[in-house]
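As C-alpha cells, the structure follows; a few thoughts come after it.
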Amino acid sequence: MQRVALYNLGCSKNIVDGERILHLVKNAGYGRTDDPSRADVIIVNTCAFIREAKEEAIETILSAIQAKGDRPARLIVCGCFSERFRSQAAAQFPEVDLWAGVNDWEALLGGLFGASPDPCERVLSGPRATQYLKIAEGCSHRCSFCVIPAVRGPFKSRSIGSILDEAHWLEGKGVRELILVAQDSSFYGRESGTTLAALLERILAATSIPWIRLMYLHPHFVGREVLRLIAAERRICPYFDIPLQHIAEPLLRSMRRLPLGKGIRELIDRIRSLVPGAALRSTFILGYPGETEAHFRELLRFVEWARFDKLGVFPYSPEEGTAAEKLRPRPRRSTAMRRCEVVMLLQREISREINEGRVGTELDVIIDRVAEDSGYSLEARTRFDAPEVDGKVLIRNGSLRPGSIVPVKIVGASDYDLFAEVAPLRKRETQYRRS
Ligand code: SF4
C-alpha cells in the first residue's frame, strides 16, 4: 500500500483543510505514515499569515524536500503560502511536484488522486473529544495589515445543512466540545440571509454535544441576539474570543477597524452585563505604523481597565500587498517586541489575579489528557479556556477518560493555570441539556 505523510501547519481553519486533504488521499487508497521519508506522497499544508508563518512554511518545505530525497515520491504544497507565493516558489523549489492553493486544492488533488473531497468527513487530529468545525471560508473585511482576504477570498458562509451534517458526523466520532471557527465567525450568514444565532440554535437542537465554543469574533459584528443566546444556553461556552488589535483611535482608523475606542468599551460592558461571568480573550498588534509611545501607554491603560481573561500580542509584521505595508513611520521591530513584553507582563498579573479569584470555587472542566506533569493526574480546561492558546487545569486526583466533563474544586492558581481536585462525591459527568 502506498503511504501519505502530512505536515499540517497554521490556524485551526487550515488544520481542518489539511484533515480534509488527508481524507481525500486516504479515500484514494493510501495508507498514512508519520515518517515523511517513507511516504510515497508528502503533503505540506502551509500558512503565510505573518513573517514567522512564512519562515515556518519554507523550513517545512525544505524538510519535506529532504524527506523526498531522490525517491519517486510526490511532494505537494497546499495552503496559504502556496496560494500567495506559488508562482515565485515554484522556481525556488523545483522538487515540489504540485502547488495547490486554498481555493483550488479540491479540484487539483481530486484530479490527481481520482477521488473527490468529502464535505464533512476528514482525518481528525488532536484530542478526539475537542474538534474544530469551519463554518465559513474567506473574509470580506479590509483590515489594512492583513493578507487573508487576498489569499482566501471574500467571506462565504457554509450552508447550515452542511454544517449540521458535519456536526452530526463529529458527534458520532465522540466529540464533546465543538469549536466553531472562521476568519470572522460573527459575520456568519450576513451574506447568505441567515445569522450566527440561527446556526447555533440549529446545532443545539440537532446535536447533544455538551460544549459549543465560538472563536474569532469581530468586535463590529457581535450582536445582542448571540449574547442573549449564550447567556441562556449552558451548552455554549461563555467565552468571547474577540481580536481587537489596538485601542488608539488613529491606529484603529488606519487599520480600518471598527468600532473605535468608545464602541469597544461599550461592547465589553455589554458582554459582561448580558453574559455575567463571561471570559474575554483578545489579541493586539504592537508596533503598527504610526504607533507612538502615547498610543502604547493608552493601550496599557486599556488592558488594565478591560482585565481580559486571556490575551495574545503580536509584533506588527509588514505584509507584501497589504495597505499598511508602505505606511511610515514604522516603529522598529525591537520596539514592537519590547512593547509586546510590557503588555504581557501587565497581563500576567491580571491573569493571576483572575485565577486566584477562582480558588475555592467549583468549575466544570473537560478532560484533555493524562497530565505530563508527574505531580498531577489529569490535564483539563474550563469553559473559559480554549485549547492550544489558553491556560489549563491540572488535576491532582482521579482517573477519567479524555472528553469527560466533570466538576472540580479549584484549590490553587498560577499566572495562567489552575490546580484542582475532582469533587469527591460528584465524579459522574455533568449533564448539559437545553434550557
Ligand atoms: S477580520 Fe481578520 S481575517 Fe479579516 S481582514 Fe481583518 S484581520 Fe484579516
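The values are calculated or read from the model by the stated rules, or taken from the named source; none is laboratory data. Everything numeric here is computed off the predicted structure, so don't read it as measured data. Cβ atoms come from the backbone with ideal geometry, glycine included; neighbour counts cover every protein chain shown. Keep in mind that these areas ignore ligands, DNA and RNA; they rest on the heavy atoms of the full protein, side chains included. Shrake-Rupley method; radii C 1.70, N 1.55, O 1.52, S 1.80 Å.
If you run the Gaussian network model on the chain, springs between alpha carbon atoms under 10 Å, then out of Ala324, Ala294, Ala107 the most flexible one is Ala294. When a/c is below 1.5 the answer is rounded, else prolate if a/b is larger than b/c, else oblate, so apply that to the stretch 362-431 with a ≥ b ≥ c taken from the square roots of the Cα gyration tensor eigenvalues. Rounded.
Given a Förster distance of 22 angstrom, what is the FRET efficiency for Asp40 paired with Gln66, based on the Cβ-Cβ distance and rounded to 0.05?
Values: r = 16 Å, r/R0 = 0.73.
Efficiency for this residue pair is about 0.85.
Between Ala136 and Arg158, the built amide H atoms are under 5 Å apart, and every one of these is 5 or more places off in sequence or on another chain.
Between Rg and the Kirkwood Rh of the chain, both from Cα atoms, what is the Rg to Rh ratio? Write out the running numbers ahead of the final one.
On the way: Rg = 22.2 Å, Rh = 23.1 Å.
Over the Cα atoms of the chain, Rg/Rh equals 0.96.
Here's how it looks for Gly153: its modeled amide H is under 5 Å from those of Cys139, which are all 5 or more places away or on a different chain. Amide H contacts under 5 Å for Val411: Gly360, Phe419, Ala420, Glu421, restricted to partners 5 or more places along the chain or on a different chain, H placed in the peptide plane at 1.01 Å from N.
So how do Arg297, Arg272 rank on accessible area, 1.4 Å probe, biggest first, that is with the largest at the start? Don't jump to the answer; show the numbers that get you there.
Details: Arg297 110, Arg272 85 Å².
The most accessible residue leads, giving Arg297, Arg272.
Remind me, relative contact order of the chain in percent, using alpha carbon pairs under 8 angstrom and six or more residues apart? Could the numbers behind the result be given before it?
Numbers: 871 pairs, mean separation 46.3, N = 435.
Dividing the mean separation by the residue count of the chain yields 11 percent.
In square angstrom, what is the accessible area per residue of the chain with a 1.4 angstrom probe? Each step should come with its number before you reach the end.
On the way: 18310 Å² over 435 residues.
Here the per-residue accessible area is 42 Å².
Here the chain has 51 percent of its accessible surface on carbon and sulfur atoms, given a 1.4 Å probe and all protein chains in place.
Relative contact order of the stretch 7-87: 35 percent, from C-alpha pairs under 8 Å at least 6 residues apart in sequence. The stretch 80-147 and the stretch 156-177 have Cα centres spaced 20 Å apart. Centre-to-centre, using Cα atoms only, the stretch 182-234 and the stretch 19-73 are separated by 34 Å. Applying a 4.7 Å cutoff between beta carbons, the unpaired cysteines of the chain are Cys11, Cys47, Cys78, Cys80, Cys120, Cys139, Cys237, Cys340. His23 sits with roughly 30 Å² accessible to a 1.4 Å probe, with DNA, RNA and ligands left out of the calculation.
For a quick check, take a GNM of the chain with Cα springs below 10 Å and name the residue from Arg152, Arg401, Arg176 with the largest mean-square fluctuation. Fluctuation is largest for Arg401.
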